[in-house]
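A short worksheet on the structure shown next.
The values are calculated or read from the model by the stated rules, or taken from the named source; none is laboratory data. Please read all numbers here as calculations on a predicted model, not as lab measurements. All Cβ positions, glycine included, derive from the backbone under ideal geometry; neighbour counts span all protein chains shown.
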Amino acid sequence: MQQVLKLEKVDKSYPSFHLKEVSFEVKPGQIMGFIGRNGAGKTTTLKCIMNLVHYESGKIYAFDTDMNANELENKQRIGFALSELNYYPNKTIRQLMNVTKRFYKNFDEHKFNEACRLFNLNLDKKLEELSSGMKVKYSVAIALSHHAELLILDEPTSGLDPVSRDEILDIFRQIVKNKDRAILFSTHITSDLDKCASDITYIHNGEIIYTGTKKDFINSYLFIKDKSMNKDLLNEYIAYKEFDDRIEGLIAADKKDLFIEKGIEPQEPDLEQIMVYVERSKDQNESFDL
């Protein structure tokens with residue numbers, strides 16, 4: 001199997017938003033972070049993958065087969081969860097499991113119970129009584145229990161406290177350890193990707209502006225903190241901010257010698273710095289005076 005998921009030029013139009021020829025792929029063993037600011041098209045893309053919204057053109061493949069032509073079979077192999085579980089809030093985890101297992105021919109109740117024990121999930125708690133972190137763990141437990149080979153999760157760590165987020169990320173790393181499963185999860189919490197993602201797909205205003213390894217993505221940029229306030233180099237930045245005592249910004253890695261010659265030492269950026277300044281660059285024509 002070459003990839004567990006592949007999108008080719010997927011296009012979806014709304015009156016005020018356009019998903020434009022989205023293409024990327026996820027391979028076994030990968031944790032793919034799907035990043036972009038709120039409203040960039042992350043959730044719309046995930047819904048297109050699961051055929052929850054109709055897209056106008058393009059192709060989506062799962063497990064080397066056409067997703068639409070083999071939808072029922074492929075969905076048996078995918079664990080999917082949107083950002084918030086809000087169906088049947090008065091039902092217990094046990095009751096929800098008894099309903100859910102009817103939809104999966106390979107559902108393993110023993111495995112579900114094991115996962116719940118591992119995640120400290122009380123089967124007799126109602127959904128409305130679960131914290132955000134526990135709801136994510138429940139979604140993952142369901143996915144593991146029907147032997148999902150691909151997990152597609154929308155903002156799974158949003159709203160979680162740092163300890164719960166770290167626990168979820170540990171679970172993600174464990175899931176892909178044997179290189180036979182993969183995870184695609186959307187997020188705007190870039191520090192989570194620093195900890196666990198192997199690959200990044202970055203969407204801006206409905207368009208993919210990068211897809212590939214996290215390492216290559218980070219290595220293509222450098223972060224500048226210039227306390228000499230050298231304004232001769234401002235045109236070399238992708239985007240920058242001027243403070244009273246320094247200039248901070250992002251540059252392409254191949255520009256580093258220009259700064260080193262001026263005694264300015266570039267630093268490796270983190271994902272948050274890259275995203276902040278790339279978005280700043282993309283939106284610079286939409287600025288306004290205060």
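Per-structure values
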quantity	calculated
Of all residues in the range 177-226 being among the acidic types (D, E), surrounded by fewer than 21 Cβ atoms within 10 Å (Cβ to Cβ) and over 18 Å from V276 (Cβ atoms), the one that is modelled with the lowest pLDDT	D180
Single residue of G58, G79 found to be touching a His at 6+ places or on another chain (Cβ under 8 Å), under 23 Å from K27 (Cα atoms) and either outside any loop (DSSP other than H, G, I, E, B) or not assigned by TED's automatic domain parsing to the domain that holds Y14 (or both)	G79
Selection count where residues are crowded, with 18+ Cβ neighbours inside 10 Å, among the aliphatic types (A, V, I, L, M) and in a helix (DSSP H, G or I), scope the range 82-141	9
Those residues of the range 179-191 which are touching a residue at least 60 places away in the same chain (Cβ under 8 Å) and out of contact with any Leu (no Cβ under 6 Å at 6 or more places or on another chain), in sequence order	K179, D180, R181, L184, S186, T187, H188, S191
Some residue of the range 4-24 being touching a residue at least 24 places away in the same chain (Cβ under 8 Å), outside any strand (DSSP E or B) and over 13 Å from I208 (Cβ atoms)	yes
Which listed residue is among the acidic types (D, E), under 19 Å from the mean Cα position of the chain (by Cα) and more than 24 Å from G36 (Cα to Cα), from E167, E128, E149, E155	E149
Qualifying residue in the range 156-174 (condition: β-branched (V, I, T), out of contact with any Ser or Thr (no Cβ under 8 Å at 6 or more places or on another chain) and either part of a strand (DSSP E or B) or outside the structural domain of F34 (by TED's automatic domain parsing) (or both))	no
So K241, is it of a type in the set (K, R), over 27 Å from F24 (Cα atoms) and assigned to a helix (DSSP H, G or I)	no
Subset tally (residues that are under 17 Å from the mean Cα position of the chain (by Cα) and not hydrophobic (A, V, I, L, M, F, W, C)) for the range 12-32	6
